[in-house]
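Participant: Could you have a look at this structure, given as structure tokens, before my questions?
The values are calculated or read from the model by the stated rules, or taken from the named source; none is laboratory data. A quick note: this is a predicted structure, and the numbers were derived from the prediction, not measured. Here Cβ is always computed from backbone atoms with ideal geometry, including for glycine, and neighbour counts include all displayed protein chains. In case anyone asks, the SASA skips ligands and DNA or RNA and just uses the protein heavy atoms, side chains included. Shrake-Rupley method; radii C 1.70, N 1.55, O 1.52, S 1.80 Å.
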Amino acid sequence: MDDIPPYPPIDPTTFDLIVIGTGLPESIIAAASSTASKSVLHLDPNPFYGSHFSSLPLADLPSFLSSHSTSPSPPRSPSSDDPNEFSLLEFATRPLYSSIDISTFSPNLLDQHSRKFNLDVAGPRVFFCADKSIELLLRTGTNQYMEFKSVDATFVGDNKGNLWSVPDSRAAIFKDKSLGLVEKNKLMRFFKLVQGHLAGEQDIKISEEDLQSPFVDFLNKMGLPPKIKSFILYAIAMADYDQEDTGVCRDLLKTKDGIDQLALYNASIGRFQNASGAFLYPIYGQGELSQAFCRRAAVKGCLYVLRMLVTALLVDKDTGCYKGVRLASGQDIFSQKLILDPTFKVTLPSGSSPPLPLKEKLPFFSLKDDKGKIARGICITKTSLKPDISNFLVVYPPRSLFPEQVTSIRLLQIASNLAVCLPGMFVLYISALCNDDDQGKKLIHAVMNTLLTVPLDSESNAAVQSETAENGSAVQDETSESSSGGPSDSGEEKPTLLWSALYSQELTLGQVDFICSTPMPDGKLNYNDLIDTTFKIFQEIYPGEEFFPETSLENPEGDGDASPET
């Protein structure tokens, strides 16, 4: 941090909006504000775009996580020419990652080609073909900066290493050999009811009472067996917590919300001609999304400066109002509004309080801003988990791996045809919501040792193996119940782990005022909630402006029939 690049002074020095950080929410806000004819300065202390939403080379990921696991002292900025005009509130970084564990079992091969990997910091993530992020890309024309490929399939996993295919259409239901005739009939009746309700057919409409009831109760009322119920709740509706245990479920899914998720899933299947499934993944990784919106903002006049550290907030001494920021170069830049990456917090001298009217409006970030944690894991292998499929999603419902598992665990395998790794290799992204670091690692380890051969070359891996052995002695296999075929061949040799990164990430809420803080990546599979939060922030700072008006579209090729893949 002491090596500040010799940037020339930024000109002009006054903007409508300063955005610090190029994560996805900040990049969307910068693009929307620029489209609304606001002058925007977009700064990032990193030498790359994306921040916590970036895709990084293998060699850079550990250093990025480590640099955000502590709170280093901010660099001292040179004194301004008129030090008496403003009060300075210094910025510091907030630790957002913990329990970082990097293991390498093929260092020569990976180190030699580390720049050929693009690893998502916030994986696993996919796009539903009909979700809000795809609609936003198409409506704004930002899709011209990205390319996608289809995720081939979705599976539900169990503790024995089986991967059960999730039927996503009537044809798939009839072809699924793991479903009995009674199960197929019940599932068909359920989907017919849902489709009739969504189509507005009065004679088969779901009652308002049922819509407000827990989704799991509605599925029980429909007589669906445990396996099918698990598929719907966790692999289609994407519920995070055990829906049948209200004592541990923090987010009980209502039937209305469950039906909405089914509608999204159904609308996503086959929407694009060259994407057969419900999900898409961007070539070169999820970091491309932030870069695409930064390009959109730059076209509209947003000014970008990377590798630029911001050291302090400028506050008017007389009024106590926010005025601007001080850069590490010593230059003061002024704006009416400020958007902050969640990395940053404002520090105060010991025993002091923020000047009015900034009190209770600045991101001082007490722990009350935290929503919990999410455990993430990244694994690299040379063999696919399914020999005949390259890119797919796996969901482990609660209690499918061990009795104490109260959250869903999601795994996404991505192959080299999406330009994220060397040819012949595969990247696995794993995530699960958790209360603390120990619980999070237990969840990630359970998946790794169910699916992978983990070499015992290090102390950390020995701990992983022993922990999973303990879990395996008391597993409850619910998803394999009533199934007679269709899983992966249990006799197949498990892929060998080449490299892994395990870490816990803080979940933080955004904060809205004329100085705003954006949220960290959440625990969801797609970006819908993050886009909703970003939209609310934009509305708060510019209530009279439209969020990407239709008339702003310059490239009309991004319409509803646009292909997600080129």
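Participant: Structure shown: which of LYS221/LYS442; LYS227/LYS254; LYS175/LYS386; LYS175/LYS227; LYS317/LYS337 lie over 24 Å apart, alpha-carbon to alpha-carbon?
Facilitator: As for pairs spanning more than 24 Å Cα to Cα, those are LYS221/LYS442.
Participant: Under the classification rounded if a/c is under 1.5, otherwise prolate if a/b is larger than b/c and oblate if not, where does the stretch 169-268 fall, given a ≥ b ≥ c as square roots of the Cα gyration tensor eigenvalues?
Facilitator: Oblate.
Participant: Given a 1.4 Å probe, how much area per residue of the stretch 169-268 is accessible, in Å²?
Facilitator: 49
Participant: Near LYS116, which lysines are there with a Cα under 17 Å away, not counting those fewer than 8 places off in the same chain?
Facilitator: LYS382
Participant: What residues from the stretch 286-311 fall in the zone where the backbone N is under 11 Å from a label point 7 Å along the Cα-to-C-beta line of ILE10?
Facilitator: 303-311
Participant: Any idea what the dipole of the stretch 169-268 comes to, in debye rounded to 20, about its Cα centre with Lys/Arg Cβ at +1 and Asp/Glu Cβ at -1?
Facilitator: The calculation lands at about 600 debye.
Participant: Roughly speaking, what is the centre-to-centre gap between the stretch 304-334 and the stretch 92-166 when only Cα atoms are used, to the nearest Å?
Facilitator: Measuring centre to centre over Cα atoms gives 35 Å.
Participant: Can I ask one more? With unit charges on the beta carbons (Lys and Arg positive, Asp and Glu negative) and the dipole taken about the Cα centre of the stretch 169-268, which residue among CYS249, LEU179, PHE218 sits farthest to the positive side?
Facilitator: Selected residue: LEU179.
Participant: Carbon and sulfur atoms: what percent of the 1.4 Å accessible area of the stretch 99-238 do they account for?
Facilitator: 50
Participant: What is the extension gain from ASN528 to GLN336, computed as 0.36 nm multiplied by their sequence separation minus the C-alpha to C-alpha distance, in nm to one decimal?
Facilitator: 66.3 nm
Participant: Exactly which trypsin sites (Lys or Arg not before Pro) in the stretch 198-230 are in a DSSP loop and have at most 16 other Cβ atoms within 10 Å?
Facilitator: LYS205
Participant: May I ask you to list the GluC sites (Glu not before Pro) in the stretch 120-227 that are in a DSSP loop and have at most 13 other Cβ atoms within 10 Å of their Cβ?
Facilitator: In loop regions of the stretch 120-227 (DSSP not H, G, I, E or B), the sparsely surrounded GluC sites (Glu not before Pro) are GLU201.
Participant: From the Cα gyration tensor of the stretch 188-336, with a ≥ b ≥ c the square roots of its eigenvalues, which class applies: rounded if a/c is under 1.5, or else prolate if a/b is larger than b/c, or else oblate?
Facilitator: Prolate, because a/c is 1.5 or more and a/b exceeds b/c.
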